[in-house]
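Input: a single structure, listed below in structure tokens.
The values are calculated or read from the model by the stated rules, or taken from the named source; none is laboratory data. Note that the structure is a prediction, hence the values are computed from the model and not measured. Cβ coordinates were reconstructed from backbone atoms using ideal geometry, including for glycine residues, and neighbour counts include every protein chain displayed. Remember, those area values only see protein heavy atoms, side chains included, never the ligands or the DNA or RNA. Shrake-Rupley method; radii C 1.70, N 1.55, O 1.52, S 1.80 Å.
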Amino acid sequence: MAGLIGGVYIIFDKAKIYSRSDISSTQWAEIRRGITVLHERSKGDFVQISYEEGDIFPDPNYITYQITGWTEKSNLASKVTRQFYLLQSNSQVDEWEIETDNHRFKLFWSPLDNLPQIVSPQNEWLHYLLDEMNNL
């Protein structure tokens with residue numbers, strides 16, 4: 001099973017995490033769809049993965065939470081399709097806010113040649129977009 005980027009995968013479907021590479025072992029955690037995890041090793045139809053959360057994002061001082069365990073390969077995506085849209089706005093509104101997933105997000109328009117810092121893992125996809133645009 002090849003890695004997505006540098007040995008990481010995306011949880012494709014809510015993943016049950018087991019203590020061993022066997023569904024009869026203790027199932028002690030679940031990781032929701034869309035979370036990026038690190039591939040540790042494979043054994044049969046199982047993959048051992050790790051997930052870590054730090055005290056602050058994006059540059060943590062220490063790890064506050066970690067899950068390492070086994071999940072079925074079918075829960076992991078080794079390929080992700082992203083869709084990008086190039087829009088031009090005639091609006092006078094430069095910034096706006098939305099509320100979703102129990103968070104308030106501040107959205108804004110930004111020219112491609114003057115983008116703000118983009119958090120991981122979204123920043124890893126930007127070079128694909130820019131390469132495609134250069135090939136048009």
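Structure above, values below:
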{"quantity": "3J(HN,Hα) from dihedral phi, the range 34-51, Karplus parametrisation 6.51/-1.76/1.60, rounded to Hz, x for glycine, proline", "calculated": "x, 7, 7, 10, 9, 7, 9, 6, 10, 8, x, 8, 10, 10, 8, 10, 10, 9"}
{"quantity": "Carbon/sulfur fraction of accessible area - the range 86-136, other protein chains in place, 1.4 Å, %", "calculated": "49"}
{"quantity": "Gaussian network model of the chain, springs between alpha carbon atoms under 10 Å - residue of Ala29, Ala15, Ala77 with greatest fluctuation", "calculated": "Ala29"}
{"quantity": "The chain - mean residue ellipticity at 222 nm from DSSP helices (-39,500 (n - 2.57) per run, n ≥ 4, rounded to 500)", "calculated": "-2500 deg cm²/dmol"}
{"quantity": "GNM top mover of Ile67, Ile56, Ile23 - the chain, alpha-carbon springs below 10 Å", "calculated": "Ile56"}
{"quantity": "In degrees, nearest ten, helix 123-134 long axis to first principal axis of the chain (Cα)", "calculated": "50"}
{"quantity": "Kirkwood Rh and Cα Rg combined as Rg/Rh, the chain", "calculated": "1.05"}
{"quantity": "Options Ser24, Thr81, Pro58, ranked by Cα towards positive dipole end of the chain, top entry (Cβ charges)", "calculated": "Ser24"}
